[in-house]
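The values are calculated or read from the model by the stated rules, or taken from the named source; none is laboratory data. Fair warning: this is a prediction, and the values are worked out from it, not measured in the lab. Backbone-built Cβ (ideal geometry, glycine too); neighbour counts: all protein chains shown.
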Amino acid sequence: MAAAPTSAGREKRCGVCGHESRQPGFRPPAPEQAPDLDLRPGEPVRSTMARWLQACPHCGYAAPDITEAHPAGAQAVAAAPYRALIADTAHPVLARRFLAWAHVLEETGALHAAAEATLHAAWVADDLNRDDLARLWRREAVALWRSGPALDAEQSVRVIDALRRAGDFAEAEAAAEALAASDPPEAVAQVAALEARLIAAEDAGRHSIASAIAPPARRPHVTHQPKKRPPEGGGLKAWLRRIFKG
């Protein structure tokens, strides 16, 4: 597989502590393969997770761009829970980076974004065959999604998939039934129906969204996506058309 296109690293000043450090450049490659049901991108983007976040070697602040201090980021980074999180050697280094970013987001009330970052940590655990951690972090992601504003169609499907992948089949089944009963758009119903079949089979494995929805089904990196989310009610298929271009 070809390496992800990158630019040369350059010095960046941390928005939290003010120290400079050299951070590698990253420009995500064009997506080619369909994403998983939880919308983890397919290759070649899939293998670039180590470059999705930057980390300050001085204070430990992790973010997509450390020059941008997230609101309340300095307070969160200085607090004991954050320090303990990044020092926890029982967890993979890359996963800790995503969890650290999730912690900052959660502290500022961005619960859905924190859920996304926590799910990314679960993907790291998947790659390392750490099923125990993958299940744990998927459950934590679900809790964050459910603690935030009302879920849209995309998030509802991802909650169902996270519960299924965590082996929480009864809870996943209830969530799938609730989504189906809400008379979702056709594309959402197709994904929910596939999830229901997998849940009934107690299948906790990875599956592609291409199994439920016809192409295009390529998940770009977050930097490929538009700033604004589609309006509620647009449905998963409309959302896919917006972000899976070319």
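Key figures
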{"item": "Tabulated pairs, the stretch 9-22, first at positive phi, second basic (K, R) and surrounded by 12 or more Cβ atoms within 10 Å (Cβ to Cβ), C-beta under 7 angstrom, 6+ apart or interchain", "result": "none"}
{"item": "Matching entry among T89, T118 (being out of contact with any strand residue (DSSP E or B) (no Cβ under 7 Å at 6 or more places or on another chain) and in a helix (DSSP H, G or I))", "result": "T118"}
{"item": "Verdict on R40 being among the basic types (K, R), more than 20 Å from V142 (Cα to Cα) and surrounded by fewer than 22 Cβ atoms within 10 Å (Cβ to Cβ)", "result": "no"}
{"item": "Complete set of residues in the stretch 145-167 that are part of a loop (DSSP other than H, G, I, E, B), free of Cβ contacts under 8 Å to residues at least 40 places away in the same chain and under 14 Å from L111 (Cβ atoms)", "result": "G148, P149, A150, L151"}
{"item": "Search result, residues across the stretch 182-207 that are assigned to a loop (DSSP other than H, G, I, E, B) and either within 16 Å of A162 (Cβ to Cβ) or touching a residue at least 60 places away in the same chain (Cβ under 8 Å) (or both)", "result": "E202, D203, A204, G205, R206, H207"}
{"item": "Verdict on R135 being closer than 14 Å to A50 by Cα, modelled with pLDDT of 95 or more and either acidic (D, E) or assigned to a helix (DSSP H, G or I) (or both)", "result": "no"}
{"item": "Answer residue from the stretch 26-67, given it is in a loop (DSSP other than H, G, I, E, B) and basic (K, R) and is modelled with the lowest pLDDT among those", "result": "R27"}
{"item": "Unmet criterion (only one of (1) part of a helix (DSSP H, G or I); (2) surrounded by 16 or more Cβ atoms within 10 Å (Cβ to Cβ); (3) of a type in the set (A, V, I, L, M, F, W, C)) for A84", "result": "(2)"}
{"item": "Within the stretch 1-24, tally of residues that are part of a loop (DSSP other than H, G, I, E, B) and either at pLDDT below 80 or among the charged types (D, E, K, R) (or both)", "result": "9"}
{"item": "The stretch 87-102: number of residues that are free of Cβ contacts under 8 Å to residues at least 40 places away in the same chain and either surrounded by 21 or more Cβ atoms within 10 Å (Cβ to Cβ) or in contact with a His (Cβ under 8 Å, 6 or more places away or on another chain) (or both)", "result": "2"}
{"item": "Residue within the stretch 222-231 that is over 25 Å from R46 (Cα atoms) and modelled with pLDDT under 90 present", "result": "yes"}
{"item": "Scan of the stretch 145-169 for residues that are in contact with a helix residue (DSSP H, G or I) (Cβ under 9 Å, 6 or more places away or on another chain) and among the aliphatic types (A, V, I, L, M), ordered by number", "result": "L151, A153, V157, V159, I160, A162, L163, A166"}
{"item": "Single match in W123, W101 (criterion: farther than 18 Å from D161 by Cβ and either assigned to a loop (DSSP other than H, G, I, E, B) or at pLDDT 95 or above (or both))", "result": "W101"}
